[in-house]
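Report on the structure given below.
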Amino acid sequence: MRSHYCGTLRKEHIDQEVTLCGWVDRRRDHGGVIFLDLRDRDGIVQVVFDPDTEEHFQRADKVRSEFVLQVKGRVRARTESTVNPNMATGEIEVLGKELEILNSSETPPFQLDTHTDVGEDVRLRYRFLDLRRNDIADKLRLRSRITSILRNYLDSNGFLDIETPILTRATPEGARDYLVPSRTHAGKFFALPQSPQLFKQLLMVAGMDRYYQIAKCFRDEDLRADRQPEFTQIDLETSFMDQDEIMAITEGMIRELFQQVLNVDLGDLPRMSYAEAMLRFGSDRPDLRIPLELTDVEDLMQQVDFKVFNGPANDPKGRVAALKVPGGAKLSRKEIDEYTKFVGIYGAKGLAWIKVNELAKGVEGLQSPILKFMPDDIVMQMMERLAVADGDIIFFGADKTSVVNEALGALRVKLGEDLNMIEREWAPLWVVDFPMFEEIDGGWTSLHHPFTAPTCSPEELEANPGAALSKAYDLVLNGTELGGGSIRIHKSDMQQAVFRILGIGPEEADEKFGFLLDALKYGCPPHGGLAFGLDRIVMLMTGAKSIRDVIAFPKTQTAACLMTDAPGVVESKQLTELNIRLRKTEEKQG
């Protein structure tokens, strides 16, 4: 039906006869000459109809925005005064000779241009129209290019594209599963995969050596602003490669991607231990574009009478840290109060601060409501440790270590953004040497997942689980975790030791993971892998504010689809076939 895409026409097509198909982006009538901006997936071109072609001129007079047209005409150069440098096709136009209206359109519920501010609920309700907008369509085109580059890289490095099951069984991977009732096995359920983790390990046992998949994953997580119940992973697994080799080959992939798409050289990616990241930045995914760092001061605060500080300072599970903000003394009391509310989101009970007005005057040159609670010599030791200067402000966190890290870590990023302290565009980082476990309610849980290999022997692991480090690695970019992975456990004795520490007994292990434990008995090779979040990569590379902007048909923050009104009610007949009966509202309330 067409010879060219609208957005591909250039000066070299002048005098060619073309057939175009697309939507009317704009219609203008200038003194008996009708201008139509015709839009398709690749861009917009201006089509001109004059009264010489009477029948088609009259049709052009009837069209409106979003009508679907087929146009035949001749490409010609625009006059010098009408060249539009802001359009890729701005040096030419098409003199229309024939026009066929393929379909009409009602008036859209919002203007389909980049300048119209439309509420997200309306955009998602009419997502099929929202996708016609260039800013959204461009992101999806770039997403397609990104996946093509990634596939080419992995194919050229010997990886095999292998699909794994979508209907599987529930596994403990940190979030709730989406369950699918079985009609043929009454009372039993499949689960949608949170990741292809176990299947890709089994592929290594099977000798596939290098596997990849652009995989759909599903997690029924608690509601968060920028999470999706279904998302896409670039999933990798390899055999006979150690941690450094896996990091090198995946780092090469990310560097090549940025080079090809953005012409950005990320350089060699630095590495930082988990312990260092938490100590300096309060986060295992630090945004290194921001120069602010946390400084421990609990040794100083152990000596003060101020309970807010000396309590956490003398608690083995507590932390007292300071965050120096150069030039931050200009912050008003109202702004400080807003930051105090902000850290409250992360469990902080308050936000102490000291402004450095004139350091040469000693404590007299400082301003803070907490100074009266601390000896002058301790205050000045702290000023020296933090290397403060006139005009700085210091914020303090004093609480359980996890609360201080989360609160000050988030405050560090917010201040960096609010005060325009971002020093560079891209800051990648490998975070390594994660703990194997974290203690929650007196028991141990895996920091990553229970198939991650430790750096020690099974005996050492069980003797001191809290001190064990894992062979895990996360790739962070601008404070966002792009992907994470690990070397996997490939021997039965180690896997069973991990299960024992996690409180998973032999019967439970056999019920949930019997197939994996069986596989480990039959010559399982050393292996490891990594999974990147495709949605996050595209979001960062396009500058989008949310992953919803880079997914064709995303869900809302409440995990609903406004366009299809999903999830929805199903007929009782279908529920009966699945051996499911819904509880009545009164029963729920009772």
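Considering each residue of segment 304-356, count those that are part of a helix (DSSP H, G or I), over 32 Å from the mean Cα position of the chain (by Cα) and within 15 Å of residue 383 (Cβ to Cβ), and give that number.
Number of matching residues: 1.
If I ask for residues that are without any contact (Cβ under 8 Å) to a residue 60 or more places away in the chain and within 17 Å of residue 83 (Cα to Cα), which ones from segment 9-25 would you list?
Hit for segment 9-25 is 12, nothing else.
If residue 496 satisfies every condition in (1) modelled with pLDDT of 95 or more; (2) surrounded by 15 or more Cβ atoms within 10 Å (Cβ to Cβ); (3) out of contact with any Cys (no Cβ under 9 Å at 6 or more places or on another chain); (4) in the same structural domain as residue 524 (by TED's automatic domain parsing) but one, which is the exception?
That leaves (1) as the condition not met.
Test each condition in (1) loosely packed, with under 13 Cβ neighbours inside 10 Å; (2) in contact with a Ser or Thr (Cβ under 9 Å, 6 or more places away or on another chain); (3) more than 22 Å from residue 132 (Cα to Cα) for residue 30 and report the one that comes out false.
(2)
Restricting attention to segment 40-69, report how many residues are more than 19 Å from residue 10 (Cα to Cα) and assigned to a strand (DSSP E or B). Step through it out loud before you land on a result.
First pass over segment 40-69, keeping only residues more than 19 Å from residue 10 (Cα to Cα): 49-69.
Those still in the list that are assigned to a strand (DSSP E or B) too: 49, 68-69.
Residues that pass the stated criteria total 3.
Do we have residue 131 as over 19 Å from the mean Cα position of the chain (by Cα), surrounded by fewer than 17 Cβ atoms within 10 Å (Cβ to Cβ) and among the aliphatic types (A, V, I, L, M) here?
yes
Let's see how each residue does on (1) within 19 Å of residue 148 (Cβ to Cβ); (2) buried (at least 21 other Cβ atoms within 10 Å of the Cβ); (3) at pLDDT 95 or above:
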position	(1), (2), (3)
238	no, yes, yes
242	no, no, yes
249	yes, no, yes
252	yes, no, yes
256	yes, no, yes
265	no, no, yes
291	no, no, yes
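Could you tell me which numbered condition residue 539 fails, if it satisfies all but one of (1) closer than 30 Å to residue 137 by Cβ; (2) in the same structural domain as residue 215 (by TED's automatic domain parsing); (3) in contact (Cβ under 8 Å) with a residue 60 or more places away in the chain?
Checking residue 539 against (1) closer than 30 Å to residue 137 by Cβ; (2) in the same structural domain as residue 215 (by TED's automatic domain parsing); (3) in contact (Cβ under 8 Å) with a residue 60 or more places away in the chain, the one that fails is (3).
Specify which of the listed residues (81, 144) is of a type in the set (Gly, Ala, Ser), assigned to a helix (DSSP H, G or I) and assigned by TED's automatic domain parsing to the domain that holds residue 543.
Answer to the selection: 144.
Please pick out the residue among 121, 161, 113 that is closer than 29 Å to residue 193 by Cβ and either under 36 Å from the mean Cα position of the chain (by Cα) or at pLDDT 95 or above (or both).
The conditions single out 161.
Tell me yes or no: at least one residue of segment 175-186 is within 26 Å of the chain's Cα centre (by Cα) and either among the small types (Gly, Ala, Ser) or within 22 Å of residue 538 (Cβ to Cβ) (or both).
Scanning segment 175-186, I find at least one residue that is within 26 Å of the chain's Cα centre (by Cα) and either among the small types (Gly, Ala, Ser) or within 22 Å of residue 538 (Cβ to Cβ) (or both), so the answer is yes.
I'd like the residue in segment 148-192 that is of a type in the set (Ser, Thr, Tyr) and buried (at least 16 other Cβ atoms within 10 Å of the Cβ) and, out of all such residues, is nearest to residue 252 (Cα to Cα).
So, considering only residues that are of a type in the set (Ser, Thr, Tyr) and buried (at least 16 other Cβ atoms within 10 Å of the Cβ), the one nearest to residue 252 (Cα to Cα) is 153.
Take segment 94-131 and flag every residue that is assigned to a loop (DSSP other than H, G, I, E, B), more than 28 Å from residue 73 (Cβ to Cβ) and not aromatic (Phe, Trp, Tyr).
109, 115, 116, 117, 118, 119 - these are the residues of segment 94-131 that are assigned to a loop (DSSP other than H, G, I, E, B), more than 28 Å from residue 73 (Cβ to Cβ) and not aromatic (Phe, Trp, Tyr).
Please specify each residue of segment 262-284 satisfying the condition of being in a loop (DSSP other than H, G, I, E, B) and farther than 26 Å from residue 392 by Cβ.
Hits for segment 262-284 are 263, 264, 265, 266, 267, 268, 269, 270, 284.
For segment 5-25, state whether one or more residues are of a type in the set (Phe, Trp, Tyr) and crowded, with 17+ Cβ neighbours inside 10 Å.
Yes, segment 5-25 contains a residue that is of a type in the set (Phe, Trp, Tyr) and crowded, with 17+ Cβ neighbours inside 10 Å.
Within segment 359-374, can one find any residue that is outside any loop (DSSP other than H, G, I, E, B) and within 39 Å of the chain's Cα centre (by Cα)?
Checked against the condition, which is being outside any loop (DSSP other than H, G, I, E, B) and within 39 Å of the chain's Cα centre (by Cα), segment 359-374 yields no hits at all.
Could you identify the single residue in 531, 560, 544 that is modelled with pLDDT of 95 or more and of a type in the set (Gly, Ala, Ser)?
Just a single option satisfies the conditions, and that option is 531.
What strands (runs of 3 or more DSSP E) completely inside segment 168-261 contain at least 3 residues that are assigned by TED's automatic domain parsing to the domain that holds residue 156 and of a type in the set (Gly, Ala, Ser)?
none
Search segment 463-488 for residues being without any contact (Cβ under 8 Å) to a residue 40 or more places away in the chain and not aliphatic (A, V, I, L, M), and hand back the single one that is nearest to residue 535 (Cα to Cα). Please lay out each step first, then the result.
Initial filter on segment 463-488 (without any contact (Cβ under 8 Å) to a residue 40 or more places away in the chain): 463-470.
Next, only the ones that are not aliphatic (A, V, I, L, M) stay: 464-466, 470.
Values: 464: 38, 465: 34, 466: 34, 470: 27 Å.
Here the answer is 470.
Filter segment 1-37 for residues that are over 14 Å from residue 90 (Cβ atoms), out of contact with any His (no Cβ under 9 Å at 6 or more places or on another chain), part of a strand (DSSP E or B) and of a type in the set (A, V, I, L, M, F, W, C) and give the result.
Hits for segment 1-37 are 21, 23, 24, 33, 34, 36.
Considering only strands (runs of 3 or more DSSP E) fully contained in segment 377-462, which possess at least 1 residues that are free of Cβ contacts under 8 Å to residues at least 24 places away in the same chain?
Result: 437-440.
What about residue 101, is it crowded, with 16+ Cβ neighbours inside 10 Å and at pLDDT 95 or above?
On the way: crowded, with 16+ Cβ neighbours inside 10 Å: no; at pLDDT 95 or above: yes.
No, not satisfied.
The values are calculated or read from the model by the stated rules, or taken from the named source; none is laboratory data. None of the values given here were measured: they were computed from a predicted structure. For neighbour counting, all protein chains shown are included, and Cβ atoms are generated from backbone atoms with ideal geometry for every residue, glycine included.
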